[in-house]
1. So is ASN147 among the polar types (S, T, N, Q), touching a helix residue (DSSP H, G or I) at 6+ places or on another chain (Cβ under 8 Å) and at positive phi or not?
2. Just need a number here: residues in segment 178-228 that are among the aromatic types (Phe, Trp, Tyr) and farther than 24 Å from GLY154 by Cα.
3. Mind telling me which of the residues LEU21, LEU9 ends up being part of a helix (DSSP H, G or I), of a type outside the set (D, E, K, R) and within 19 Å of SER167 (Cβ to Cβ)?
4. Scan segment 75-88 and give yes if some residue there is surrounded by fewer than 17 Cβ atoms within 10 Å (Cβ to Cβ), outside the structural domain of GLY239 (by TED's automatic domain parsing) and of a type in the set (Val, Ile, Thr), otherwise no.
5. Just checking, how many residues over segment 58-96 are assigned to a loop (DSSP other than H, G, I, E, B), at pLDDT 95 or above and either within 16 Å of the chain's Cα centre (by Cα) or aliphatic (A, V, I, L, M) (or both)?
6. Tell me which of these ALA251 doesn't satisfy, since it passes every other one: (1) modelled with pLDDT of 95 or more; (2) surrounded by fewer than 19 Cβ atoms within 10 Å (Cβ to Cβ); (3) touching a helix residue (DSSP H, G or I) at 6+ places or on another chain (Cβ under 6 Å).
7. Going by what's in this entry, would LYS120 be described as in contact with an Asp or Glu (Cβ under 9 Å, 6 or more places away or on another chain) and either under 30 Å from ALA271 (Cα atoms) or of a type in the set (D, E, K, R) (or both)?
8. Can you say whether ILE127 is of a type in the set (Val, Ile, Thr), in contact with a helix residue (DSSP H, G or I) (Cβ under 8 Å, 6 or more places away or on another chain) and in the same structural domain as PHE66 (by TED's automatic domain parsing), as far as the supplied structure shows?
Amino acid sequence: MDKLSVLILTKNEALDIGGCLRAVSRLQDVHVLDSASTDATREIAAAHGATVTVRPFDNFAAQRNFGLHELPLRNDWVLILDADERASPELIEESLAMVRQAPDNVAAGRIRRRDYWMGKHLKHSIISPLSIRLVRRSRVHYERDINEVLVVDGDIADMRHHFDHFSFSKGMSHWFDKHNLYSTMEAELIASRRVGKPSLAKAFFARDPHERRMHQKRLFYRMPGRPLLKFLYVLLFRGGCLDGPISLHYALLQSIYEYMIVLKTREMRMAADAAAAEARGPVTDGDTHAVKSQPVETR
């Protein structure tokens, strides 16, 4: 029996879940953790032989931690996928080899993601194409509600093969709906000041690319003009322009997403300030002026 389990998170993924499951069909222990879908996601997953569990969604870190540590997975090694992703046959073979041969100090595998839009591979435009998706579940956990961070107790091996990602498979309307939710969650994180302090040294010199990316993100939150910076970063610094005209549209989408976060953060902070002012109550003259006692003339 293969010593590799698969965990897939879903919410209304009837369009994509079948293809994702077909790509891992040779593996025997496949689990779908569903966030109360209202379409045929669960039925399709069950028809493909997956074990389906329903858990209402609260945040990404909690959902992934539940999947890794509460579901009855048969194996310690787990390949983590989303429904709009497809593991290549070569990645499956490499993952099985990793499970058999990995030394004890290795607790996870970092995999390259290939993103597609309008039938074209976005080779240069993607901001963070590396993702830790092969893990020893006994030695990892997730933190942070949105753009969750995986904490790994051990070394991370770089995998040679890839998985494909079709984030626009349900069309532009779905992409905007999804990123409207994501931008709200990210704005709440910033407005509540739950974003950790950045380290300039780690942002540029950390050996681990995920730690480096985390501190770069924290620095980015503090910069003015973030939507424009995101546009220029994708198009020029990442070399997105090498992907052709489609990269301009993709960079604009990323800029729009960042602008949504900026505006929502400002709105939330204004609402919090107004609520705090209301809680303090109205300012009266007695709060701001001292009354001097006057001598009283008696006759």
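1. yes
2. Residues in segment 178-228 being among the aromatic types (Phe, Trp, Tyr) and farther than 24 Å from GLY154 by Cα: 3 in total.
3. It is LEU21.
4. No.
5. So in segment 58-96, the residues assigned to a loop (DSSP other than H, G, I, E, B) come out as 58-59, 70-76, 83-84, 88.
Next, from what is left, pick out any that are at pLDDT 95 or above: 70-76, 83-84, 88.
Then keep just the ones that are either within 16 Å of the chain's Cα centre (by Cα) or aliphatic (A, V, I, L, M) (or both); that gives 71, 73, 83-84.
Counting residues in segment 58-96 that are assigned to a loop (DSSP other than H, G, I, E, B), at pLDDT 95 or above and either within 16 Å of the chain's Cα centre (by Cα) or aliphatic (A, V, I, L, M) (or both) gives 4.
6. Condition not satisfied by ALA251: (2).
7. Details: in contact with an Asp or Glu (Cβ under 9 Å, 6 or more places away or on another chain): yes; either under 30 Å from ALA271 (Cα atoms) or of a type in the set (D, E, K, R) (or both): yes.
So LYS120 fits the description; yes.
8. Considered against the rule, which asks whether it is of a type in the set (Val, Ile, Thr), in contact with a helix residue (DSSP H, G or I) (Cβ under 8 Å, 6 or more places away or on another chain) and in the same structural domain as PHE66 (by TED's automatic domain parsing), ILE127 comes out as yes.
The values are calculated or read from the model by the stated rules, or taken from the named source; none is laboratory data. Bear in mind the structure is a predicted one, so any value in this text is a computation, not a measurement. Don't worry about glycine lacking a Cβ; one is built from the backbone with ideal geometry, like all the others, and counts go over all protein chains shown.
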